[in-house]
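Step one of this worksheet: look at the structure below.
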């Protein structure tokens, strides 16, 4: 049996998939926000839009942090003590702090329904699913 080689996050396929998921998250999330805004309520639509933006930021920061960690691991492969910049820790942990603070402020001060924010956060899952289905069907 041959050992599996991990996927290179810098490969053209990985970059295209990441960009596709990023775009689809925004497209599907804002389409849902518009539909909710028109058919349900203005505040609920705004909540879906804010949740979508938070999901997109979460994905972007995680993607950037993982690319840097992969590069560091490769560069420091033979080093006994690997060094990770503090910025990476911020991007990994800070995204949760940002989401929690944004959700709290939005729900508490602007009376946006919590369920609409959660629905917006699910846009990332929808974008990933649609992007994966596209890759399976197109073969790219």
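Scanning region 129-140 for residues that are more than 15 Å from residue 32 (Cα to Cα) and either modelled with pLDDT of 95 or more or surrounded by fewer than 19 Cβ atoms within 10 Å (Cβ to Cβ) (or both) turns up 129, 132, 133, 134, 135, 136, 137, 138, 139, 140. I'd like to check something: does region 9-18 contain any residue that is within 23 Å of residue 133 (Cα to Cα), in contact with a helix residue (DSSP H, G or I) (Cβ under 7 Å, 6 or more places away or on another chain) and in a helix (DSSP H, G or I)? Yes, region 9-18 has at least one match. Take residue 72 and tell me if it is under 30 Å from residue 116 (Cβ atoms) and outside any loop (DSSP other than H, G, I, E, B). No. When you check residue 126 against the structure, is it touching a helix residue (DSSP H, G or I) at 6+ places or on another chain (Cβ under 6 Å), surrounded by 13 or more Cβ atoms within 10 Å (Cβ to Cβ) and more than 28 Å from residue 12 (Cα to Cα), yes or no? No, not satisfied.
Set side by side, the residues 83, 95 differ, and just one is in a loop (DSSP other than H, G, I, E, B) and free of Cβ contacts under 8 Å to residues at least 60 places away in the same chain, which is 83.
One residue stands out in region 98-113 among those that are in a helix (DSSP H, G or I) and more than 19 Å from the chain's Cα centre (by Cα): the one that is surrounded by the most Cβ atoms within 10 Å (Cβ to Cβ), namely 106.
The values are calculated or read from the model by the stated rules, or taken from the named source; none is laboratory data. In this text the structure is predicted, and so the values were computed from the model without any measurement. Positions of Cβ are generated from backbone atoms using ideal geometry, with glycine treated the same way; all protein chains shown enter the neighbour counts.
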